[in-house]
Amino acid sequence: MSGSVALQVDPEPIVACTISRDVQNFDLLIEDMETELGEAWGDLSLDDAITFFSQPDAEALEFVAIAMDDQDEADLSKVAAIIKQAAEKDIKVIVIAEEVSPIALHQLLKLGAEEFVPYPLPEGALHDAIDRLRNAPPAHLAPVDDSHETTLKATGDREAVILAVQGMAGGSGATTLAVNLAWELTQDAATGKKKKKAQEQAEKPRVCLLDFGLQFGSVATYLDLPRRDVVYELLSDTEVMDQEVFMQALQTYEDRLQVLTAPADMLPLDLVTSEDIQRIVEMARLNFDYVIIDMPQTVVQWTETVLSAAHVYFATLELDLRSAQNTLRMIKALKAEELPYEKLRYVLNRAPKFTDLSGKSRVKRLAESLDIAIEVQLPDGGKQITQAGDHGAPLAMAAAKNPLRKEIQTLATSVREVNEAEAVAQ
C-alpha cells in the first residue's frame, strides 16, 4: 500500500474555468477546453462564480470563459458583476457568445472582458484567444494598436460618388449592404484577360465608409475594428476639422477600405447638426472616389443633408407589411418637404428565389401598391451572413460563394460602370 501511495501524483491545479447558466448548452466549448487544458479547468455556474473568486483556489486562475446566449442578455448585470470581480482579481475574461446583441457585447468588453469569441466556435478560435491572453503584455506596458491606423494621405482633389444606405425597417440588411458594397468597390473593376497592363498598374479606388449610426452603428463590429474616442472628438467639434484631422479619425481595413466607425458610446442623434454632417461628407467627397454612408434607421434633421449630397440613396426593405408602411411614410415625408425622393433606389432584402412564382407576384404587387420600382433584389444568404458579421469579415472573405455576396458584387460592378461612363462623357 505504501508503494502505491508513493506513486500518487497531485492533481493539476485549475488554471481556467467556464462560467455559464448551463455548460451543457455549449458542448463545443467543453471539447475545446479539454483540448487546450486537459483536466486543468473547471466549471462554475453564474451564481457560484463570484463566491469562488474569494476562495484561495481562485488565485491560480489565468482566465475564465463566460459562455452566454440571448437568454442571459435579459440579466446582463449578473455577467457584468462577474467580469468586474474577475478584473479586480486580475483574472482575464473571454466571452463566448451565441446570438447576443452587439450593444451587449460592447458593454461587456468595456467592463473589462479581454476577448470575444462567437459560438458555435470557429475552428481554432478559442486556442487563438487563449494564446493572445497568455502573450499579452501588462496593460500599462501594452503598445497602442496602430494596425488599423490609416496611412492614406489627404489629397483634396477627388470628386467622390456618394452612396447612402438606410433601412426602412429593422433587420432589412442596410448595414450588411453598406459594408459589403464598400468592400466590393475597393476591388479592381476589370478582371481576368480583359485587364490591360496599364489598368493593372493603376491606383486602386479610394473608398470610405462612414457609419452615422451614432447609437447602434455596427460597422465596427462587422469589420472587427475598435471604436475610438477620436470619433467623438471629431463629431463634437467639426468646425476645427481639417483634412489631416479627418484622415486621422479613419481606420483602415485590410489596407483598402477606410472607415469612420460609430463612437464608442451611445450618443444622442442630435449631437451633430446638419452643418457637422455636411462638413464630414464634404471632406470625404474631396478625398475619396467612393463614399458609402450607413444611415441610422431613424429620420433625423440631417437626413436631408445626406439625401441632398448623395448620388444614390439606397432604401432597404423586406417583403412584409412593416416595410411597406414605413416606405410609404418615408415617401410622403420627403414629398411633403419637397426633398429629392427620386434619389431613393429600393433594395429588396431576402427576395424570393427565381422559382418562387408566388413570391415574385407579391414583389410585383408591393411595388405597384407603393408606386416604386424595386431595382435590386438581394437573396437570403442564410446563416453565413450572421456568421460573417460575428467574425468581423466581409462576405467576400468569409463566404465568397454566397448568393448575397455575388449580388452585391454585381451591384458594385454596376456602380463602377456607371461612374466610369459618366467620367468618360465629361
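Worth pointing out:
- Peptides ranked, highest mean first, by Cβ atoms within 10 Å: ranges 413-419, 171-177: 171-177, 413-419
- Percentage relative contact order, the range 11-79, counting C-alpha pairs under 8 Å, at least six apart: 49
- Peptides 62-68, 277-283, 101-107 ranked from most to least packed by the mean count of surrounding Cβ atoms within 10 Å: 62-68, 277-283, 101-107.
- Its DSSP H runs of at least 4 residues, each contributing -39,500 (n - 2.57), put the calculated 222 nm mean residue ellipticity of the chain at -12500 deg cm²/dmol, to the nearest 500.
- Here the extension length gained between E338 and A40 equals 100.5 nm, from 0.36 nm per residue of separation less the Cα-Cα distance.
- Listed pairs K353/K383; K364/K401; K332/K360; K84/K383; K343/K364; K89/K110 exceeding 24 Å between Cα atoms: K364/K401; K332/K360; K84/K383
- Rounded Å value of the spacing that divides the Cα centres of the range 344-369 and the range 237-266: 37
- Net length available on complete extension from I103 to E420 is 110.2 nm, with 0.36 nm assigned per residue and the Cα-Cα distance removed.
- Folded to 0 to 90 degrees: helix 357-370 orientation relative to the chain principal axis, Cα: 60
- Contact order relative to length of the range 161-425, as percent, for alpha carbon pairs under 8 angstrom and 6 or more apart: 27
Every number here is computed from the coordinates shown, using simple stated rules; none is lab data. Everything numeric here is computed off the predicted structure, so don't read it as measured data. Virtual Cβ from ideal backbone geometry, glycine too; neighbours counted across all protein chains shown.
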